[in-house]
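Trainee: Structure provided below as structure tokens; questions to follow.
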Amino acid sequence: MPRGRFRAGFLERRWQPRRACGNATRCVSDLVMAGLGREAVRLLTARGELQARRLDSGLVSVNMGPPVLDWQAIPLAHEVDVLHLPLPGDPVAVGMGNPHCVIFVADAEAEDVAGRGAVQEHDPLFPERTNVEFVSVLGPDHLRMRVWERGRASRWPAARAHAPWRWRRICAGCRGERWRLMWTAGG
């Protein structure tokens with residue numbers, strides 16, 4: 001293995017393997033960078049090479065790579081249009097190492113993240129269950145997101161939660177290369 005690259009594997013509840021996990025990747029990268037005195041590392045995962053770097057703020061940023069848009073690789077139970085799932089709210093399905101269901105809503109603050117998120121998480125379309133993101137467009141460069149991570153409302157949305165809807169922001173009315181994402185603790 002080339003110098004500066006490390007292998008990482010991810011296990012979820014009940015020891016189920018995952019291709020990648022944004023939160024775990026940040027934590028592992030933080031430990032490796034601190035231990036080696038580096039500002040960046042590359043982790044080889046089942047999802048591919050993930051690059052992490054320490055930001056000026058001290059936080060760790062991870063490039064999770066492009067979203068997976070193939071229904072079998074996400075995975076979904078059967079073939080569907082991943083940009084228009086046959087579920088309430090016309091959600092989108094995306095894989096980022098684990099499945100994500102992204103729902104654009106008028107007001108993310110008004111959404112029952114725990115109630116609706118738990119229902120979507122267990123929909124038969126998602127054989128491995130799914131994370132659920134509720135996203136509102138607040139302006140041409142400003143989004144609001146609340147997250148249901150499998151089994152609970154997320155305290156802090158995972159880095160991987162940003163990527164699933166990034167490519168679709170244009171479809172939702174966001175423009176430009178720079179934009180703001182707003183979230184709060186507790187979903």
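The values are calculated or read from the model by the stated rules, or taken from the named source; none is laboratory data. Predicted model only: the values in this text are computed from it and were never measured. In this analysis, Cβ positions are derived from the backbone assuming ideal geometry, glycine residues included, and neighbour counts consider all displayed protein chains.
Trainee: Given the condition farther than 30 Å from residue 37 by Cβ and not charged (D, E, K, R), answer yes or no: does some residue in region 52-61 qualify?
Mentor: No - not one qualifying residue is present in region 52-61.
Trainee: Give all pairs with beta carbons closer than 6 Å in which a residue from region 30-43 that is over 19 Å from residue 56 (Cβ atoms) meets a residue that is modelled with pLDDT under 85 and among the aliphatic types (A, V, I, L, M); count only pairs at least 6 apart in sequence or on separate chains.
Mentor: 43/8; 43/50
Trainee: Is it the case that residue 76 is more than 15 Å from residue 25 (Cβ to Cβ), surrounded by 13 or more Cβ atoms within 10 Å (Cβ to Cβ) and among the hydrophobic types (A, V, I, L, M, F, W, C)?
Mentor: yes
Trainee: Quickly run through region 20-72 and pick out the residues that are at pLDDT 80 or above, closer than 13 Å to residue 97 by Cα, among the aliphatic types (A, V, I, L, M) and not in a strand (DSSP E or B).
Mentor: 69 - this is the single residue of region 20-72 that is at pLDDT 80 or above, closer than 13 Å to residue 97 by Cα, among the aliphatic types (A, V, I, L, M) and not in a strand (DSSP E or B).
Trainee: Go through region 24-69 and give me each residue that's of a type in the set (D, E, K, R) and more than 30 Å from residue 84 (Cα to Cα).
Mentor: Within region 24-69, 26, 30, 38, 39, 42, 53, 54, 56 meet the criteria.
Trainee: Moving on. When residue 96 is evaluated against the numbered criteria (1) out of contact with any Lys or Arg (no Cβ under 9 Å at 6 or more places or on another chain); (2) at pLDDT below 90, which criterion, by number, is the only one it fails?
Mentor: Condition (1) is where residue 96 drops out.
Trainee: Pick out, from region 115-184, the strands (runs of 3 or more DSSP E) lying fully within it that include 2 or more residues that are at negative phi and at pLDDT 85 or above.
Mentor: Filter on region 115-184 gives 131-139, 142-149.
Trainee: If you go through region 62-87 one residue at a time, how many are closer than 25 Å to residue 37 by Cα and hydrophobic (A, V, I, L, M, F, W, C)?
Mentor: 2
Trainee: I'd like the residue in region 88-136 that is among the hydrophobic types (A, V, I, L, M, F, W, C) and without any contact (Cβ under 8 Å) to a residue 24 or more places away in the chain and, out of all such residues, is nearest to residue 45 (Cα to Cα).
Mentor: 119
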